[in-house]
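A.B. asks: Starting off with a structure, shown below.
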Amino acid sequence: MSDVRPIAPGAVRWIARTLEEAGYETWAVGGAVRDALLGRPSVDWDLATRATPKQVRRTFRRTVPIGIDHGTVGVLSRDGVMYEVTTFRKDVETDGRHAVVEFADRIEDDLSRRDFTINAIAWHPLRDELFDPFGGVEDLTAAMLRTVGVAADRFREDYLRILRALRFAGRFDFEIHEGTWTALISLTDHLSTLSPERVREELTKVLSADPRPSHALSLYRDGGINRVLFPELDDQAEGVWEKAIRVVDSLPPGRPMLRLAALLRPAAPAAAAALLVRLRLSNADTDAVADLASAPGLPAHGSGAEDLRLWLSRHGPTVMRGVARLDLASARVADDDQAPQLVVQAWRAIRAELRTAPPLVVGDLTVDGRDLMRMGLKPGPVFKDVLSELLGWVLEDPARNQREGLLLRAQEVAERLLGDASSDASEGASAPRKNGP
Ligand code: ATP
Ligand code: MG
């Protein structure tokens, strides 16, 4: 490990050289250095420099003020990629939710405010020199995750580091150093003070792990994170949870929301919805994940066409595709060798039914509200009842979706519903005229 040296993109060396030639010490830092030392592809190269944001902006032609307050300037390189260049910082004060930082003169200060030793290694792209005051390289070699400095202090400065610890340990299959682990589990109650947005970002990163989120998710359960942040998941029996995280593993890393649905599938729909709302996911993601997590599996292979249409009518083609993936992932981790094949057959059957383009929603019917008005019905709740009865009738047999037959049927249904209503002595909705359009 110690003889492995990072190889940085030309643009990183160009930025470092430009700043150094202007008199400002500059290092590559953070995740990219760590990943390069692990022999993994590094994206997102970050640079730390002694230059102030103002000085960085004066040194380069194309810059973007990304986070001037945090000292971060984006420098656009000729390859069109933007690199973040951040002025050396030191922590001056913290409240457990975010650190208050101040600019510093020395790379040592900058590294000492970083969370874990493996994230606190600096590499000089011009001198090809590592600066590693906290033994990060040794920890990388030993596959060990350890805080920089006293663990409990570092977690108290920013409780998000608890979640970051588990994410990194999971991602790299690292052991968590004993002192770090002890401090971490003693402080989990404070996780409830984190903003939902930061928790959501972390969970999304965990769920995007390639290939397996299950290690970090197991640590979430073992470390008591779920108890505090996701009690809905903590309620699940051990076996149910173990299976759910294996299902999550077998879904694609690029689909964190699908993986989240897999995790929530064993939870009751109301519990799943509560968790999603608390995380403040976008409305679209909340709805999509809740629909997926609460939908039943595809109708079993051998189900009749009407059952397939009823399922499609209730859940729609988008949920069908998501559920097929969830069912298949779940079948793959089942003990039963036949299970995946059965899901594939169920999937083929429902897809074949969908391809016949059957009417599935009220809007697909050959009659609509205007027809009901022409029949003399007053717009109101009864419209919806009539149309959904018609849909139910058509779902039994799509050939029934013919105007003539449906209009007659509509009249019968309306008379019955209004008859029921007037025998309930309810408000006087007008009865349909017999001589329809
Ligand atoms: P990833 O591959 O997930 O992006 P990363 O290590 O690059 O991993 P970032 O969140 O991008 O993580 O942060 C970049 C660097 O900033 C980290 O390597 C670490 O040195 C430092 N850092 C980030 N967040 C914190 C924090 N909450 N506390 C202390 N240091 C942090
Ligand atoms: Mg990063």
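A.B. asks: Can you tell me which residue within segment 300-314, out of those that are touching a Leu at 6+ places or on another chain (Cβ under 9 Å) and outside any helix (DSSP H, G or I), is modelled with the highest pLDDT?
C.D. replies: It comes out as Ala300.
A.B. asks: Take the residues in segment 343-379 that are over 28 Å from Gly297 (Cβ atoms) and basic (Lys, Arg); name whichever of them is most open to solvent (accessible area, probe 1.4 Å).
C.D. replies: Looking at residues that are over 28 Å from Gly297 (Cβ atoms) and basic (Lys, Arg), I get Arg370.
A.B. asks: Still on this structure, I have one more. Tell me which residues, restricted to segment 114-133, are closer than 29 Å to Thr193 by Cα and either part of a helix (DSSP H, G or I) or more than 16 Å from ligand 2 (Cβ to nearest atom) (or both).
C.D. replies: Thr117, Ile118, Asn119
A.B. asks: Another question, then. Would you please name the residue that is nearest to ligand 2 (Cβ to nearest atom), looking only at residues in segment 10-26 that are of a type outside the set (A, V, I, L, M) and in contact with an Asp or Glu (Cβ under 8 Å, 6 or more places away or on another chain)?
C.D. replies: Applying the filter and picking the extreme gives Thr26.
A.B. asks: Within segment 47-69, can you find the residues that are within 16 Å of ligand 2 (Cβ to nearest atom) and either open to solvent by 50 Å² or more (accessible area, probe 1.4 Å) or of a type outside the set (A, V, I, L, M) (or both)?
C.D. replies: Of everything in segment 47-69, those that are within 16 Å of ligand 2 (Cβ to nearest atom) and either open to solvent by 50 Å² or more (accessible area, probe 1.4 Å) or of a type outside the set (A, V, I, L, M) (or both) turn out to be Ile66, Gly67.
A.B. asks: Please list, ordered by residue number, the helices (runs of 4 or more DSSP H) wholly in segment 156-267 having 3 or more residues that are under 15 Å from the mean Cα position of the chain (by Cα).
C.D. replies: Result: 196-207, 214-222, 238-249, 256-264.
A.B. asks: Also: Please work out if Val73 is closer than 20 Å to Arg127 by Cβ and either within 16 Å of ligand 2 (Cβ to nearest atom) or in contact with a Gly (Cβ under 9 Å, 6 or more places away or on another chain) (or both).
C.D. replies: Judged against the criteria, Val73 is not a match.
A.B. asks: Counting only residues that are within 13 Å of ligand 1 (Cβ to nearest atom) and within 18 Å of Ser112 (Cβ to Cβ), how many does segment 169-185 have?
C.D. replies: 0
A.B. asks: Name, by its number, the condition in (1) touching a helix residue (DSSP H, G or I) at 6+ places or on another chain (Cβ under 8 Å); (2) more than 16 Å from Pro6 (Cβ to Cβ); (3) surrounded by fewer than 20 Cβ atoms within 10 Å (Cβ to Cβ) that does not hold for Glu102.
C.D. replies: Going through the list (1) touching a helix residue (DSSP H, G or I) at 6+ places or on another chain (Cβ under 8 Å); (2) more than 16 Å from Pro6 (Cβ to Cβ); (3) surrounded by fewer than 20 Cβ atoms within 10 Å (Cβ to Cβ), Glu102 breaks only (1).
A.B. asks: Taking only segment 171-192 into account, find how many residues are away from ligand 2 (no atom under 16 Å from the Cβ) and closer than 20 Å to Arg34 by Cα.
C.D. replies: Count: 6.
A.B. asks: Is it the case that Val4 is under 23 Å from Arg171 (Cβ atoms) and within 15 Å of ligand 2 (Cβ to nearest atom)?
C.D. replies: no
A.B. asks: Within segment 83-98, identify whether any single residue is more than 14 Å from ligand 1 (Cβ to nearest atom), open to solvent by less than 20 Å² (accessible area, probe 1.4 Å) and more than 27 Å from the chain's Cα centre (by Cα), and answer yes or no.
C.D. replies: Among the residues of segment 83-98, not one is more than 14 Å from ligand 1 (Cβ to nearest atom), open to solvent by less than 20 Å² (accessible area, probe 1.4 Å) and more than 27 Å from the chain's Cα centre (by Cα), which makes the answer no.
A.B. asks: Further, regarding this structure: Going residue by residue through segment 28-46, is there one that turns out to be in contact with an Asp or Glu (Cβ under 7 Å, 6 or more places away or on another chain), assigned to a helix (DSSP H, G or I), within 11 Å of ligand 1 (Cβ to nearest atom) and open to solvent by less than 50 Å² (accessible area, probe 1.4 Å)?
C.D. replies: For segment 28-46, residues in contact with an Asp or Glu (Cβ under 7 Å, 6 or more places away or on another chain), assigned to a helix (DSSP H, G or I), within 11 Å of ligand 1 (Cβ to nearest atom) and open to solvent by less than 50 Å² (accessible area, probe 1.4 Å): present.
A.B. asks: Out of all the residues in segment 384-404, which are farther than 20 Å from Leu308 by Cβ and open to solvent by 30 Å² or more (accessible area, probe 1.4 Å)?
C.D. replies: Passing the criteria: Lys384, Asp385, Glu389, Gln402, Arg403, Glu404.
A.B. asks: Report, ordered by the first and then the second residue, all pairs with beta carbons closer than 7 Å, sequence separation of six or more or different chains, a first member in segment 2-23 that is at positive phi and assigned by TED's automatic domain parsing to the domain that holds Glu84, and a second member that is open to solvent by 60 Å² or more (accessible area, probe 1.4 Å) and not in a helix (DSSP H, G or I).
C.D. replies: Here the result reads none, with nothing in segment 2-23 linked to a residue that is open to solvent by 60 Å² or more (accessible area, probe 1.4 Å) and not in a helix (DSSP H, G or I).
A.B. asks: Now for a different question. Quick one: would you say Asp110 is part of a helix (DSSP H, G or I) and closer than 27 Å to Leu187 by Cα?
C.D. replies: Answer is yes for this residue.
A.B. asks: Could you please find all residues in segment 39-61 being within 33 Å of the chain's Cα centre (by Cα) and among the basic types (Lys, Arg)?
C.D. replies: Within segment 39-61, Arg40 is the sole residue that qualifies.
The values are calculated or read from the model by the stated rules, or taken from the named source; none is laboratory data. This is a predicted model, so every value here is computed, not measured. Here Cβ is always computed from backbone atoms with ideal geometry, including for glycine, and neighbour counts include all displayed protein chains. Accessible surface is based on the protein model in full, side chains and every heavy atom, while ligands, DNA and RNA are left aside. Shrake-Rupley method; radii C 1.70, N 1.55, O 1.52, S 1.80 Å.
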